[in-house]
Amino acid sequence: MGKVLEAAGVSKRFLGLQALKEVTLHLEEGEILAVIGPNGAGKSTLLNLLSGLIKPDQGRILFLGQDITHLPPEARTHLGLGRAFQIVQPFPELTVRENLLVGALFGKPGTSRKEGEAWVEEVLRLTGLQSRSEALAGDLTLLEDKRLELARALATRPKVLLLDEVMAGLRPKEAEEAVALVKQIRETGVSILFIEHVMPVVRTLADRVVVLDYGEVIAEGTYQEVAQDPRVREAYLGRRA
Amino acid sequence: MKGFGHFPLILLSLVLFALLPFLPFGVWQAFLLDVGFFVLLFTALALSWDLVARTGQLSLAHGAFFGLGAYSAGLLAPQLGTLPALLLGALTAGAGALVLGSVTLRLHGLYFAIASLAFSEVLRTLALKLPFTGGPIGLPVPPPFAGAWPLATYYLSFGVLLLATALSLWAERSPFRLAQAATRQSEAVARVLGVRVVQVKLWSLLLGSLVAGLAGGVYGMKTLFLSPYDAFSLGRAVEALVIPIFGGLYTTLGPLVGGVVLVSLEQALRLWIKEGYLVVYGAILILVILFLPRGLVGILGRRRG
Amino acid sequence: MELLLQTLLNGILMSGIYALVATGLALSLGVVGIVNFAHGEFLMMGAFLSYLLFAFRGMDPLLSLGLAFLAAFVVGALTYQGLIRPVLRAAELNQMLLTFGLSILLQNLALLLFGADTRVVAPPYQATTLSLGPFFLGVVPFGAFLLSLAILLMLQVFLTRSRFGLAMRAVSQNRLAPGLLGIEADKVYLLAFGLAAALAGVAGVMLSVMLYASPTVGFVFTLKSFAIVALAGLGNLKGVVPAALVLAMAEALVSTYLPGGGGLVEAVFFLVLFLALVGRAWRKA
Amino acid sequence: MGKVVGFLVLLAGLAWAQVPLKVGVILPLSGASAVSGKAALNGIQLAADEANAAGKVRLELVVVDDGTDPAKAVPAFTKLMTVDKVDIVIGGLASGVTFALSGPVKQYGPLFLVIGAASSVVEQAFEGYPLFFHYHPWDYHNVAAALQFFQYLNREHGAKKVAILYEDGPFGSAGIGVYKQQLEKLGYQVQAEPFKAGSGQFTAILTRFRAFAPDILYWIGYDVDALPIATQARQVGLRPKLIYGAPPSWPIGFEKNPLSNDIAGMTAWLPTVANAESRRFVEAYRKKYGEVTEEYMAPMGYTILKSLALAAEKTGSADKNRIAEALAGLKMPTPFGLLSFKPSDTGRTKYQGFGSEIWFQFQYLQGSRRPVFPKEVATRPLRYPGEYYLR
């Protein structure tokens, strides 16, 4: 197993606020890595940096050994780095199928229309959205929206998938389904880095956990390991008190 | 992709326009041809606006593209002849669009609209001040093909509409439509899904401006005279935006229907109501928005996007 | 040096009325979320009201100010109730076409009623001028500037002190999802739109004294107000005054110091705007 | 209103009317030139009434709106030619629109009686067209008339410096180069600045002019600029001895504004002009419309239709070529003085009605406009310097 995605000493400031401070972490091939941390710890900033929506002030980002620090998001997607958003953002005026087709056709340059459409069929089946494929994305329920978000990222045929709190707002039963879906995606050979608030999800899903606090990595290890870490307990409990 | 359903309707209207000079309208023939000329031209302009708007760029610079095309073609026609002049006019407009587009890539919605408006105002002043444009007095333009063929302007105008329709249909029925729609609805998401947003926006603006520039060139050859206030008119840019909203946004049929109805309606109202006809025109715009939020084509079906 | 100071003075005086008109536009944009192309027509109504009262009742435009405020407020509120409220949830472009249609309708209604002629009022103080040493100060532009400032200050107090004002600011800073449009928000919108129109109405009265009344008097000001509002940041009320100042100064300096500058004023105005918008967008990223 | 129908038919009550004549009228009834266009139409309709009442001809007017916009004017003109089938057209008020009509006019070949379109660019466009009758003076006539006044001011009043404000559209910019050159030839020092019509902002330019201390502040613009210039000149402390302007029309109510006092301007006609034709026109106009017009385009329209009716009477035919022939030989008293056609000064067109002689200078004096120059028409002496200087 090798590192598929790596952040090396990445820092980012917003208007004087240190959002990330020399963060170094990596994702192994075939792994499911969770990044957790209290609100404002810099999790979303990290994801935006990895997917290229913002540029770091310092540090480098490597993908499959290639330096992608200065690549725009679409180029990263073309290399195989997919992403799903926390706040679901489907294209409301397109149908579910068309939403997926965007990812399928543009996620990998050179995909023919036929290949793209075939792949969309497969993603629809995998994510259980077949019956809704002709519905406008603006008309979906929250659960369907979440599925679409995942499906669309999947449609770009990523080697690595970044998931931003895809379970947020789901009922436990629904979250269970989603967890199963993510596991299924990993089975197809996709490595996954996800951000999550819901701890049971982290426990059942993550092979490894990285904890962020105030923009810094404060702990790393299995769920059990980090759960025992005094700094992590302080970060979570100390703030709640 | 979608849009097949309306194709026969689009084809039918195009055929009708192609045959218009040969239909038996009696004494109204010549008048209808003149009205038809402007209907075709402004409809093409509206389609070219829609083509750009599909990426979320609300252009108020279409008056500028129109003016760039009109002036370039008008200045070059005496030396180069009609068709090369029109072509170069379109290319000038395209060059202007690329300049505008590349610096305004990060502006969205109303910010883009106002920046493009500013661009247009600055260019108008240039046309007013540059030494070779005829300045405020204006620029005479020769008729196409030295006036040899009376129907030339009409068919040139038809050609512009044909081009605009073809481009729009292509964009609507190829994956480009998805790229445009994704870009419009969320640029960040589109990029993360692999859409080359910068290219999509610039291409759309380029295609739209080429058509607008071509329309401007043909306009000058019809009116035989250009002045900065007319050629770079803000009113024309606004009309280019009003027609698609009126007809139905982000489709080929919408601007087509909207242009034919609205431009003819204006001519007709002016002829029959005369004083104050624009009051009625304004009221119609309001009523359409209130009761047909998807524009005229909203009557035909519920889809858009 | 004298010329420079006089030029700056000219710029400052002009910025007051720009800010007043643009603030109205920013209110309807920031609070209600409507791009109102008919804003200039509210201004035109104020100008005509002032002219009509002057021509037929001999009323001093100063007295028309309050009346124009109320009348424009009512027209604005009615416009909101009848036309804007039904399209609050519609696409932005639809809203724009609606207000554009309204603008055409009102402008041409005025044309039908009053003709295209330019009309002027003649209060006794129209050209009265104070001279302070080497500097000259027109009483009307100065008064209009002070009045604009006073109105904007009152608006500021209203926005920061009153319950309604606070609600208005809350809405403008965090626009409610359309689905959450409650009765409270509805009232806020109504008030904001009425206020926006009222500000334009008052500005119209001032302009009837400084310039003229005609069906198209509002056009230039709508255009410049959009520029100012964009420079300030759409819907950002606080930015309006500085933005108005920047653009008014740019105009004054260009037309004073650039040869042939009078013909370039608009171009420079829009060039400044263009560079500012573009520059800001690239810097932010 | 009867006007709701697309055209207006005026029928003489006299059944034995001899020459029926259908006349197309294409004027800006909307858009930028609507004020002048409506005034012209009023004059034309008045003259048509009179001619029909006299009973020797029967005129039928077909009126269309050119919208001050080439895109609207061209179809409207075509409709006149092909649907209404008129052979004679009165129109051509705005220069740009008239230019756009040059193509269709040459195509259909009507007798074209042009009411405005002073730009000599239009003259070039109609060069060689045989049925082109241009009543209004050309721009070079306007320049000549104004220069005559400037010469007088220089000679009699010792004026030496002119500051010119000109709007940057075709109206203000057309003759500006010639003006500057000619004024300097007359011995003037000249400073000229463009402005945008309707912006109402002159303080900056006027402030700059202060250092130049002009004797004459000359503005070439529109009615919208009249009052702002008068007030802002005072507000920046500019004290010219004469404020002189040449807009196509003046604001309504301007004469009642004390700030208009002593402002001078150029026009071709005033309702107070003392010739018999003008008095008759004013009387008839008042009777038909219940008011007095201040727009010179009203008597201009009146004059054109009068001359046409007269020519038709003389030939007793509706044939455009014969009417044109009769027009060419016509000598007719009008509110502007005697009308007769001669080749234009440049020789480009054959039938030019009025020249610089119809222009005269007036001054706002105690609430009304009075002719002050040249001497032959002056009813009051020119007040120089004006009160804006004496203040």
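None of the figures in this text is laboratory data; all of them are computed from the coordinates on show. Because the structure is a prediction, the values reported are computed rather than measured. Here Cβ is always computed from backbone atoms with ideal geometry, including for glycine, and neighbour counts include all displayed protein chains.
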>> Over the Cα atoms, compute the radius of gyration (one decimal) and Dmax (the largest Cα-Cα distance, rounded to a whole number) for chain D, in Å.
In response: 21.3, 70
> Given the C-alpha centroids of the range C:240-285 and the range B:10-65, what is the distance between them in whole angstrom?
Replying inline: 37 Å
>> Residue by residue through B:183-189, how many Cβ atoms from other chains fall within 10 Å of the Cβ on average?
In response: 6
> Rg/Rh for the range A:87-241: what does it come to with C-alpha atoms and Rh from Kirkwood?
Replying inline: 1.04
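When the convex hull of the C-alpha atoms of chain C is computed, what volume per residue in Å³ does it have? Don't skip to the answer; put the middle values down first.
Numbers: hull volume 41.1 nm³, N = 285.
Measuring per residue, one finds 144 Å³ for the Cα hull of chain C.
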> When all C-alpha to C-alpha distances in the range B:217-305 are sorted into bins of 5 Å, what percent of pairs does each bin hold, rounded to whole numbers?
Replying inline: 3, 13, 19, 20, 20, 14, 8, 3, 0
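Magnitude of the Cβ-charge dipole of chain B, K/R +1 and D/E -1, about the Cα centre, nearest 20 debye? Kindly include the intermediate steps, with their values, before the conclusion.
On the way: 19 positive and 9 negative charges, 180 e Å.
Using Cβ point charges on Lys, Arg, Asp and Glu, chain B gives about 860 debye.
Ordered by packing density, taken as the mean number of other Cβ atoms within 10 Å over each peptide's residues, highest first, how do B:15-28, D:258-271, D:311-324, D:162-175 rank?
Numbers: B:15-28: 12.5, D:258-271: 21.4, D:311-324: 18.0, D:162-175: 24.1.
The most tightly packed comes first, giving D:162-175, D:258-271, D:311-324, B:15-28.
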> Treating the beta-carbon of each Lys and Arg as +1 and of each Asp and Glu as -1, no other charges, what is the dipole magnitude of chain A about its Cα centre, to the nearest 20 debye?
Replying inline: 240 debye
>> Treating the range A:87-157 as a set of equal point scatterers at the Cα positions, no solvent, please give the Debye-formula log₁₀ I(q)/I(0) at q = 0.12, 0.21, 0.27 Å⁻¹.
In response: -0.25, -0.76, -1.22
>> What number results when the radius of gyration of the range A:17-60, computed over Cα atoms, is divided by 2.2 N^0.38 Å?
In response: 1.20
> R0 = 30 Å: FRET efficiency of C:Arg163 with C:Leu112, Cβ-based, nearest 0.05?
Replying inline: 0.10
> Out of every Cα pair in chain B, what percent are spaced more than 34 Å from each other?
Replying inline: 18 percent
> How much FRET efficiency would the formula 1/(1 + (r/R0)^6) give for D:Lys185 and D:Glu313, where r is the Cβ-Cβ distance and R0 is 60 Å, rounded to 0.05?
Replying inline: 0.85
> Can you work out the FRET efficiency for the pair A:Glu174 and C:Trp282, with r the C-beta to C-beta distance and R0 = 45 Å, to the nearest 0.05?
Replying inline: 0.60
> Using 7 Å Cα-to-Cβ label points, what is the A:Glu225/D:Tyr152 separation (nm, one decimal)?
Replying inline: 10.4 nm
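Within 10 Å of each Cβ in peptide D:31-39, how many partner chain Cβ atoms are there on average? Round it to a whole number, please. All intermediate terms of the calculation are to be shown ahead of the outcome.
Details: counts 3, 3, 1, 6, 5, 1, 1, 4, 1.
For this peptide, the per-residue mean of nearby foreign Cβ atoms is 3.
How large is the convex hull of the Cα atoms of the protein assembly as shown per residue, expressed in Å³ as a whole number? The partial results should precede the final answer.
On the way: hull volume 222.7 nm³, N = 1222.
Normalising the Cα hull of the protein assembly as shown by residue number yields 182 Å³.
Quote to one decimal, in nm, the extra length available between D:Leu338 and D:Tyr129 on full extension: 0.36 nm per residue of separation minus the C-alpha distance between them. Walk me through the numbers on the way to the answer.
Details: separation 209, 0.36 × 209 = 75.24 nm, distance 2.47 nm.
Result: 72.8 nm gained on full extension.
Determine the shielding of peptide C:254-262 by partner chains: average, over its residues, the number of Cβ atoms on other chains within 10 angstrom of each Cβ.
Working: counts 1, 13, 6, 2, 1, 4, 6, 6, 15.
Rounded to a whole number, the mean comes out at 6.
On a full-extension model of 0.36 nm per residue, what is the gain between B:Arg173 and B:Phe291, subtracting their alpha-carbon distance, rounded to one decimal in nm? Don't skip to the end; give the middle numbers.
Details: separation 118, 0.36 × 118 = 42.48 nm, distance 2.88 nm.
Computed gain between B:Arg173 and B:Phe291 is 39.6 nm.
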>> Suppose each label sits 7 Å from its Cα in the direction of the beta carbon; what would the C:Leu153-D:Gln107 distance come out to in nanometres?
In response: 6.4 nm
> Roughly how many Å is it from the Cα centre of the range D:31-72 to that of the range D:219-277, as a whole number?
Replying inline: 27 Å
> Where q = 0.23, 0.25 Å⁻¹, what log10 of I(q)/I(0) comes from the Debye formula for the range D:329-391, counting one point per Cα?
Replying inline: -0.96, -1.05
>> To make sure I understand the rule: partners must be aspartates and glutamates, Cα under 12 Å from the Cα of D:Lys180, and not fewer than 8 residues away in the same chain. Which ones qualify?
In response: D:Glu193
>> What does the extension gain come out to for D:Ala211 and D:Leu390, with contour length at 0.36 nm per residue minus their alpha carbon separation?
In response: 62.6 nm
> Do the alpha carbons of any pairs in A:Lys146/B:Lys201; D:Lys160/D:Lys241; A:Lys12/A:Lys108; D:Lys38/D:Lys342; A:Lys43/A:Lys173; D:Lys56/D:Lys79 sit beyond 20 Å of each other, and which pairs?
Replying inline: A:Lys146/B:Lys201; A:Lys12/A:Lys108; D:Lys38/D:Lys342; A:Lys43/A:Lys173; D:Lys56/D:Lys79
>> I need the peptides B:201-209, B:100-108, C:128-136 ranked by packing, meaning the mean over residues of other C-beta atoms within 10 angstrom, with the highest value on top.
In response: B:201-209, B:100-108, C:128-136
